[in-house]
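Just below is one structure, and these are the notes that go with it.
Read-outs: derived from the displayed coordinates by stated rules, not from any lab. Values in this document were obtained by computation on a predicted structure and should not be read as measured data. Heads up, the Cβs are rebuilt from the backbone with ideal geometry, glycines too, and the neighbour counts pull from every protein chain shown.
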Amino acid sequence: MIHHPSPTRRAFLRSSVLGTALASVLGTRLDAALRALAEPKSFKVGGCDWSLGKEGDPAAFRVAKAAGLDGVEVSCGKGKDALPISDPARRKVTLEEAKAHGLAIPSTCLEVLHRDGLKDHPDALKWVRQAIEPTRALGAKVVLLPFFGRQTIEKRSEQEAVAGRLKEVAPEAEKAGVVLGLEDTISAKDNAWILDRVKSPAVKVYYDVGNSLRWKHDVYAEVPWLGKDRVCQIHLKDKGYLGKGDIDFPRFLETVLRSSFDGWLLLETVIVKSAEEDFAANARYVRDVVKAKAG
């Protein structure tokens with residue numbers, strides 16, 4: 001048996017002081033973590049410039065500010081050779097308007113893919129590449145990639161084609177710190193099938209509860225099933241005002257909270273009276289529901 005000498009009084013006191021200090025620091029951090037868990041969850045609530053009636057127009061920030069929103073999703077625009085958002089002068093004006101109204105730009109929308117679909121159009125990857133750097137320059141984190149109308153990807157062969165093309169461009173998005181968000185008509189499981197083949201943190205699902213309900217997916221199960229790591233942002237919409245249509249938004253938002261999703265909620269709602277009034281009402285409704293469910 002090896003005999004270990006007893007620590008000196010000085011060493012003992014030093015270790016005691018250090019131990020007490022460490023315990024204090026760890027205790028403080030633990031208390032902060034527990035307080036964070038106990039605090040009601042809140043989300044940033046923004047609006048899409050096209051839904052605000054200002055597609056591709058920096059005036060969307062004025063409308064969003066009047067409606068009490070936190071930010072605006074900005075359209076990239078359509079072009080023949082270059083996206084309008086690629087123009088430095090246009091980005092400068094967009095950033096100036098966002099700053100003037102104290103609003104964020106959480107994402108951009110690559111709406112040219114409605115015309116030149118990613119599943120088969122020869123220019124589609126060019127457009128995705130062109131959207132990445134302007135999105136980063138605007139301080140946004142997500143590029144919405146839409147798949148609707150003639151560009152839907154219901155067939156597995158179409159999903160496979162999209163996965164292959166995304167795998168090619170994903171490293172560029174990763175390097176820029178930008179996420180490519182898939183908004184489409186297919187189920188969470190089919191979206192996950194694509195993500196599993198791309199294998200990149202730069203490709204996620206841009207979940208739209210209105211679209212998913214329309215295509216008869218289980219909107220109260222899909223976000224928790226996907227998990228927060230596979231959902232980049234969420235569009236909220238219904239036939240009219242939120243809470244007055246077919247979607248049980250208290251139930252849906254509760255599932256979002258349960259999933260630990262912590263990104264943006266973007267209103268893609270319709271205008272009934274005026275953009276300012278209607279978006280203010282919908283944003284207030286969302287915040288009240290989240291506060292009630294998280295409290």
Starting from the amide H of V231, placed 1.01 Å from N in the peptide plane, find each other amide H under 5 Å away whose residue is 5 or more places distant or on another chain.
V205
As an exercise, find the ratio Rg/Rh for the chain from alpha-carbon atoms, using the Kirkwood inverse-distance average for Rh.
1.11
Restraint check, K167/K239; K204/K273; K189/K273; K78/K204, Cα-Cα greater than 26 Å
K167/K239; K204/K273; K189/K273
Cα→Cβ-extended label distance, 7 Å offset, between D123 and R150, nm:
1.3
Going through K65/K291; K65/K141; K80/K237 one by one, the pairs whose alpha carbons sit over 26 Å apart turn out to be K80/K237
Please rank K228, K141, K99, fewest neighbouring Cβ atoms within 10 Å first, as an exposure proxy.
K99, K228, K141
The rounded separation in angstrom of the Cα centers of segment 118-150 and segment 46-93 is 15
Using modelled amide H (1.01 Å from N, peptide plane; none on Pro or chain starts), what sits under 5 Å from the amide H of L144, excluding residues fewer than 5 places away?
T108, C109, L110, G181
By average Cβ neighbour count within 10 Å, what is the ranking of 68-78, 82-92, 251-261 from highest down?
68-78, 251-261, 82-92
Directionally averaged shadow of segment 149-191, computed from the convex hull of its alpha-carbon atoms, nm²
3.3
Amide N proximity, segment 259-284 versus Y220 label position 7 Å along Cα-to-Cβ, cut-off under 16 Å
259
Straight-line reach only, C-alpha to C-alpha below 15 angstrom: list the aspartates and glutamates that K175 could link to, leaving out same-chain residues fewer than 8 apart.
E133
Mean separation of Cα contacts under 8 Å, 6 or more apart, over the residue count of the chain: relative contact order %:
18
How long are the semi-axes of the equivalent ellipsoid of segment 176-265, taking √(5λ) for every eigenvalue λ of the Cα gyration tensor, in whole Å from largest down?
22, 13, 12
Which net charge results for the neighbourhood of A280, defined as the other residues with beta-carbon distances under 13 angstrom from its beta-carbon, given Lys and Arg at +1 and Asp and Glu at -1?
-1
By per-residue mean of other Cβ atoms within 10 Å, what is the highest-first order of 108-114, 162-168?
108-114, 162-168
